[in-house]
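Student: Before I ask anything, let me first share the structure, which is written out below as structure tokens.
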There are 2 protein chains.
Amino acid sequence: MMDEIFEQPRALERTFRAEREHAADFRRLSRHRNFRLIVLVARGTSDNAATFGRYLLEIATGIPVSLAAPSVHTLYHARLDFRQALVVGISQSGEGTDINMVLRSARRRGAYTLAITNEARSTMASLADDVFLVRAGRQRSVAATKTYTGQLMVLYLLTAALGSHVTLESISEIPGRAKQALRLEEELRELVERYRYMRVCTVVARGINYANAFELALKLMETCYVVAERFSSADFRHGPIALIERDFPVILLMPPGRTFRALARLAERLDELRAETLVFSSEGARLPRATRSVRVPGEIPEIYSPIPYIIPGQLFAAFLAEVKGLDPDKPRSLHIVTRTV
Amino acid sequence: MMDEIFEQPRALERTFRAEREHAADFRRLSRHRNFRLIVLVARGTSDNAATFGRYLLEIATGIPVSLAAPSVHTLYHARLDFRQALVVGISQSGEGTDINMVLRSARRRGAYTLAITNEARSTMASLADDVFLVRAGRQRSVAATKTYTGQLMVLYLLTAALGSHVTLESISEIPGRAKQALRLEEELRELVERYRYMRVCTVVARGINYANAFELALKLMETCYVVAERFSSADFRHGPIALIERDFPVILLMPPGRTFRALARLAERLDELRAETLVFSSEGARLPRATRSVRVPGEIPEIYSPIPYIIPGQLFAAFLAEVKGLDPDKPRSLHIVTRTV
């Protein structure tokens, strides 16, 4: 897991270079197709990438996005009207049985289908109309890291193809920002000691980083066996905040930008409740009082923050697993490819 | 909370009778409008109702459904193409600031807007093109129960209006099924003693009952301060199952039907891991080995199971709060109306 975390800047660069032309081609195709709906289909870590894609695509292209509920197709055999729909399957291995069933069914129902996968020779790559390949190299760790950020990279490229808010030039800066974020290694290695006995926690983020709350929580569940809740700051106030008492650990991902204010207000409320807060923000940001904070290096426009912001989270989970005496590469009960229907 | 749980059969009957004609009118309107996308907008318990609606509407009408991400509209001011879209706001009070902002924005972008609310004189009711009223009577408890099932009832009526799989005749049987489910009162009152010291748990369901996993978990968080995870049985296998060790409590909602087999297999796996399982199923079902099981009375077609299946969950949460010495009507840090943007 640790190796793969550090491979990310190069994997991102490789994916960007290999697929940037493809994005230009896809722009031409999409003009012709006139997509009016985008449906994203995924499970596990890839589903967290899909959640990111949902925000990015809606914000930057104006096309409504739906995250597919696979069982609607695989168990209930619904016949959805997918004319003018772009249906995107996301899977590291390309072998998720249910995801592939949804793609096949969507194609029959009129959708144009796209696969985002790390495996060029996978079932998913062969059945979709088009494939964007994540060039992360073989994933060896059960806990996905470089394939998650690789999927995010491809979703940036897809968004650039479908709209005008996200540019190839800005995307090209992401690998460098990822490298900067890795500089937090030593700081995080020391920080995790404090959380040696943490058994439950909540991760809170919003908007474009909401998916990262899910992804960090999933890493904490898989590799550290921490029962990790995850919420948007708004949903959190609609009920789950009742959980919070003195000492309850809450991790907040709050880059400067549109979501900062809501999260800063929540951090203040958590301080009143005497919760333990760990804030991930940027170097320059003026933060509310927090128990601990981690500053991601560089000035990052919010829309490009998700990759540099998940990297310290990945390091946090990997180091925490170590201090808990666990092997983050071999979570109990899990395998790299999970087949569900 | 307890009073409101027991008011449900009558509130459901009232809502059904008052809105059944409306469903017929809406059928005519929808033919004319030719909706190609349904977007559901909600927070908190109403968002769980929306998740239910998402499955029911896609399964029974074939129209793709998206659960809105409010911040896309309220913070990022995205301009989504909502022509031929039906945008449905769901809010008990009708005063959720962000939900109303999304409805206003959707209307400007071409959507036909519908409000599902308990309050006829609310902001939401006044700004939407049409209103389906939940007739649950004033909600006094902070933990929503009768308004949740009332929202589900309206979503059944809306589905009957938009498709042919759900019929008014079958919907008319729901209040009676709700009444039958309340017969579990004494059994559940005794059962909760076992969970007096439960601090964390996971609720698992799938398909049409997936939303109930979220709703039961939310009740446990709000009223019992139990850190309650919630997953589909498929997502659970893609990572979070690593959390499970001896004694970890997992609640499974598994009515007979399309989702039963996947949940039964998961229950067997959990038994191997020596987890503690609590299964909610139906009288006639042949269950896998479970630590405890609760049998919902009657033979219920799966598609109509969500209301009778959440009721024992509501009772479970309310009784558990009592044995933990908590007041389920006054969760700390919460109010009935939560305003977020």
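The values are calculated or read from the model by the stated rules, or taken from the named source; none is laboratory data. Treat the numbers as computed from the prediction; the structure is a model and nothing was measured. Methodologically, a virtual Cβ is constructed for each residue, glycine included, from the backbone with ideal geometry; neighbour enumeration extends over all protein chains shown. Only protein heavy atoms, including side chains, enter the accessible area calculation; ligands, DNA and RNA are left aside. Shrake-Rupley method; radii C 1.70, N 1.55, O 1.52, S 1.80 Å.
Student: Applying the selection to the range B:204-219, what residues are crowded, with 24+ Cβ neighbours inside 10 Å, touching a residue at least 60 places away in the same chain (Cβ under 8 Å) and either on the phi > 0 side of the Ramachandran plot or more than 7 Å from chain A (Cβ to nearest Cβ) (or both)? Break it down stepwise before answering.
Tutor: Of the residues in the range B:204-219, the ones crowded, with 24+ Cβ neighbours inside 10 Å are B:204-213, B:215-219.
Then keep just the ones that are touching a residue at least 60 places away in the same chain (Cβ under 8 Å); that gives B:204, B:207-212, B:215-216, B:218-219.
Within the range B:204-219, B:204, B:207, B:208, B:209, B:210, B:211, B:212, B:215, B:216, B:219 qualify.
Residue-by-condition table, conditions (1) within 20 Å of the chain's Cα centre (by Cα); (2) open to solvent by less than 10 Å² (accessible area, probe 1.4 Å):
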| site | (1), (2) |
| --- | --- |
| B:127 | no, no |
| B:142 | yes, no |
| B:201 | yes, yes |
| B:234 | yes, yes |
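Student: In contact with a Leu (Cβ under 7 Å, 6 or more places away or on another chain), away from chain A (no Cβ under 14 Å) and open to solvent by 40 Å² or more (accessible area, probe 1.4 Å) - does that describe any residue in the range B:284-291?
Tutor: Yes, the range B:284-291 contains at least one residue that is in contact with a Leu (Cβ under 7 Å, 6 or more places away or on another chain), away from chain A (no Cβ under 14 Å) and open to solvent by 40 Å² or more (accessible area, probe 1.4 Å).
Student: Taking the range A:236-265 as the search range and keeping residues that are open to solvent by less than 10 Å² (accessible area, probe 1.4 Å) and small (Gly, Ala, Ser), which one is farthest from residue A:191 (Cα to Cα)? Please lay out each step first, then the result.
Tutor: From the range A:236-265, those open to solvent by less than 10 Å² (accessible area, probe 1.4 Å) are A:236, A:239-244, A:250-255, A:259, A:263; that's our starting set.
Applying the additional criterion that residues be small (Gly, Ala, Ser) yields A:239, A:242.
Numbers: A:239: 30, A:242: 27 Å.
For the range A:236-265, the residue satisfying everything is A:239.
Student: Sticking with this one: Collect the residues in the range A:124-151 that are under 17 Å from residue A:35 (Cα atoms), assigned to a loop (DSSP other than H, G, I, E, B) and not small (Gly, Ala, Ser), keeping them in residue-number order.
Tutor: Within the range A:124-151, A:129 is the sole residue that qualifies.
Student: Residue B:222 passes all but one of (1) within 14 Å of chain A (Cβ to nearest Cβ); (2) touching a strand residue (DSSP E or B) at 6+ places or on another chain (Cβ under 9 Å); which number fails?
Tutor: Among (1) within 14 Å of chain A (Cβ to nearest Cβ); (2) touching a strand residue (DSSP E or B) at 6+ places or on another chain (Cβ under 9 Å), the lone unmet condition for residue B:222 is (2).
Student: Take the range B:176-200 and flag every residue that is among the basic types (Lys, Arg) and either in a helix (DSSP H, G or I) or in contact with an Asp or Glu (Cβ under 9 Å, 6 or more places away or on another chain) (or both).
Tutor: Answer for the range B:176-200, where residues must be among the basic types (Lys, Arg) and either in a helix (DSSP H, G or I) or in contact with an Asp or Glu (Cβ under 9 Å, 6 or more places away or on another chain) (or both): B:177, B:179, B:183, B:189, B:194.
Student: Pull out all pairs, ordered by first then second residue, where Cβ-Cβ is under 6 Å, the residues are six or more apart or on different chains, the first lies in the range B:283-294 and is farther than 16 Å from residue B:308 by Cβ, and the second is open to solvent by less than 50 Å² (accessible area, probe 1.4 Å) and of a type in the set (Phe, Trp, Tyr).
Tutor: From residues that are farther than 16 Å from residue B:308 by Cβ, there are no pairs.
Student: Looking only at residues in the range B:18-47 that are among the charged types (D, E, K, R) and under 21 Å from the mean Cα position of the chain (by Cα), which one is nearest to the other protein chains (Cβ to nearest Cβ)?
Tutor: That would be B:43.
Student: Can you find a residue that is at pLDDT 95 or above, hydroxyl-bearing (Ser, Thr, Tyr) and within 30 Å of residue A:83 (Cα to Cα) anywhere in the range B:82-101?
Tutor: Checked the range B:82-101: no residue is at pLDDT 95 or above, hydroxyl-bearing (Ser, Thr, Tyr) and within 30 Å of residue A:83 (Cα to Cα).
Student: Restricting attention to the range B:185-199, which residues are more than 20 Å from residue A:227 (Cα to Cα) and either among the β-branched types (Val, Ile, Thr) or open to solvent by 10 Å² or more (accessible area, probe 1.4 Å) (or both)? Full working, then the answer.
Tutor: Filtering the range B:185-199 down to residues more than 20 Å from residue A:227 (Cα to Cα) leaves B:185-194.
Selection gives B:185, B:186, B:187, B:189, B:190, B:191, B:192, B:193, B:194.
Student: Continuing with this model, one more query. Given the criteria in contact (Cβ under 8 Å) with a residue 12 or more places away in the chain, part of a loop (DSSP other than H, G, I, E, B), open to solvent by less than 10 Å² (accessible area, probe 1.4 Å) and under 17 Å from residue A:15 (Cα atoms), does residue A:154 qualify?
Tutor: Details: in contact (Cβ under 8 Å) with a residue 12 or more places away in the chain: yes; part of a loop (DSSP other than H, G, I, E, B): no; open to solvent by less than 10 Å² (accessible area, probe 1.4 Å): yes; under 17 Å from residue A:15 (Cα atoms): yes.
Taking the combined requirement at face value, the residue does not satisfy it.
Student: Please specify each residue of the range B:60-96 satisfying the condition of being open to solvent by 20 Å² or more (accessible area, probe 1.4 Å), within 10 Å of chain A (Cβ to nearest Cβ) and either charged (D, E, K, R) or part of a helix (DSSP H, G or I) (or both).
Tutor: Once the filter is applied, which keeps residues that are open to solvent by 20 Å² or more (accessible area, probe 1.4 Å), within 10 Å of chain A (Cβ to nearest Cβ) and either charged (D, E, K, R) or part of a helix (DSSP H, G or I) (or both), the range B:60-96 yields B:61, B:79, B:81, B:83.
Student: Still on this structure, please answer the following. Answer yes if at least one residue in the range B:305-322 is open to solvent by 10 Å² or more (accessible area, probe 1.4 Å), modelled with pLDDT of 95 or more and more than 20 Å from residue B:50 (Cβ to Cβ), and no otherwise.
Tutor: yes
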